[in-house]
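Trainee: Below is the structure I would like to discuss, written out as structure tokens.
Read-outs throughout are calculated quantities, based only on the coordinates presented, and are distinct from any laboratory measurement. Note that the structure is a prediction, hence the values are computed from the model and not measured. Note: ideal-geometry Cβ built from the backbone for every residue, glycine included; neighbour counts use all protein chains shown.
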Amino acid sequence: MTKLWGGRFTKTAEEWVDEFGASIGFDQNLVEEDIEGSLAHVKMLGKCGILPVEDVNKITEGLKKILEKAQKGELEYSIQNEDIHLNVEKFLIDEVGPVGGKLHTGRSRNDQVATDMHLYLRNQVKEILSEIKNLQRALVLQAKGHVETLIPGYTHLQRAQPVSFAHHLLAYFWMLERDYERLEDGLKRVNISPLGAGALAGTTFPIDRHYSAELLGFDGIYENSLDAVSDRDFILEFLSSSSIAMMHLSRLCEEIILWSSQEFRFIELDDAFATGSSIMPQKKNPDMAELIRGKTGRVYGNLFSLLTTLKGLPLAYNKDMQEDKEGMFDTVTTIKGSLKIFTGMIESMTVNTDVMEKATHSDFSNATELADYLASKGMPFRDAHEVVGKLVLQCIQKGIFLLDLPFADYKVASELFEEDIFEVLQPKTVVARRNSAGGTGFEQVKKALVLAEEKIEKTLA
């Protein structure tokens, strides 16, 4: 089979070489974007008088028929035609005859593939942004029911201070908000048109790049043709933002896995998001959380793979850049699926409030409250820290907690202690009193929920 570019060649590659070099196995994902870009390109060629109206109309109708077949899954792609661009061009020539070959006037596969990926990422990022908002809504909904539910807060995975469970969930809301902002800001770099840059140097045809960019909904064009065909920063930025977002999801996965264990029993996942064991009938495994945690690594890998591919490439296009797509497609699929699964997990999980609250009474996470108490009465905080540390040691030696310690022992430790210390040490009091901005105090958490809901509503508006 003769290649569409084969005029200067005297022999064809063996089949296995064609298979190795072909990208149609994965870049067929770009078929709709490829046709969308071609429709804009041919319309521009007509407007500029480069192609006659009858050719433009014929090519346009042919492309629309191919698009319809693509959407129905009726196209049969050929490895012999290498990539999505040559496959579509061959479909078009079969559909409308030799005039279909005029479509490629004033462009190259180099600017064509770049255009396809800009269009693809623009569409996909918008869907990912929507999924982020869905997960944020799920977090807010759970948080609203647990403003006064207490959970031990941890540092170094050691009990630190009690916090509102809503406060803990909202920490992930704000992580996701930053993820949203990063991806949204990245659209500025995605929504630029490389179409018309040609292979690397532009074209001799009097094209109107601004017009084709306008037709495709781009905000502007690349100002340098070399940059236009060789830039993959917009994909790197997407992969980077996605990696950070997956890292956030993975951190929450780790907590969900811990919380759902027998040792914690803070939550129970819905059966729809857990699996059993083939040998142990009692098991309920948090497999979806584990899987998302695991898939985070492949998203990182996609980022590092493309960084490595690009690091030594001279301008402009090189075949190495064919390796830019599979990681992008994989990351899109992975992050969209992870966000969707997570939304369901958060919406449906059962929170064992009694177990959480009991945990806050069985530790020394109220110790900081004692130090703050003494400091508020004039004792230097460093001295107060030492006093409380000795009281904690005393309790450990007796096998009790601070609320169990007799008041007389407090008085021996410091005359500044009063009878109100037992109220101060109550976990709910500990949490409620932390009313500094952004703190875990119940009033602050309520304000944070209002702010979070406003963020969601503003986005939807």
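Trainee: Looking at (i) 20, 39, 25, 13, 3, 0; (ii) 25, 58, 17, 0; (iii) 24, 52, 23, 2, which value of P(r) over Cα pairs in 20 Å bins from 0, in percent comes from a calculation on the structure shown?
Mentor: Label (i) holds the value from this structure.
Trainee: In deg cm²/dmol, rounded to 500, what helix-only [θ] at 222 nm does the chain give when every DSSP H run of at least 4 residues adds -39500 (n - 2.57) and the total is split over its residues?
Mentor: For the chain, the value works out to -20000 deg cm²/dmol.
Trainee: What aspartates and glutamates does residue 284 reach when the alpha-carbon gap must be under 19 Å and sequence neighbours fewer than 8 apart in one chain are set aside?
Mentor: Filter leaves 254, 255, 263, 268, 270, 271, 347.
Trainee: Tell me which residues come under 5 Å, amide H to amide H, from residue 198 once H is placed; ignore anything under 5 positions away on its chain.
Mentor: 108, 111
Trainee: By per-residue mean of other Cβ atoms within 10 Å, what is the highest-first order of 242-248, 285-291, 433-439?
Mentor: Answer by packing, highest mean first, reads 242-248, 285-291, 433-439.
Trainee: Sticking with this structure for a sec: Pick out, from 46, 81, 63, the residue whose Cα sits farthest towards the positive end of the charge dipole of region 6-105, with +1 on the Cβ of Lys and Arg and -1 on the Cβ of Asp and Glu.
Mentor: With unit charges placed on the Cβ atoms, the residue in question is 46.
Trainee: Hand me the trypsin sites (Lys or Arg not before Pro) from region 225-294 located in a DSSP loop with no more than 15 other Cβ atoms within 10 Å, in residue order please.
Mentor: 265, 283, 284
Trainee: Okay, next question. Is region 212-260 rounded, prolate or oblate when judged by the Cα gyration tensor, a ≥ b ≥ c being the square roots of its eigenvalues, rounded requiring a/c under 1.5 and prolate requiring a/b larger than b/c?
Mentor: In terms of gyration-tensor shape, prolate.
Trainee: Also: Checking the table 340/455; 133/311; 90/336 against a 28 Å threshold on Cα-Cα, which pairs fail?
Mentor: Cα-Cα > 28 Å for 133/311; 90/336; rest within.
Trainee: Once a ≥ b ≥ c are taken as the square roots of the eigenvalues of the Cα gyration tensor of region 362-460, is the result rounded (a/c under 1.5), prolate (a/b larger than b/c) or oblate (a/b not larger than b/c)?
Mentor: Verdict is prolate for region 362-460.
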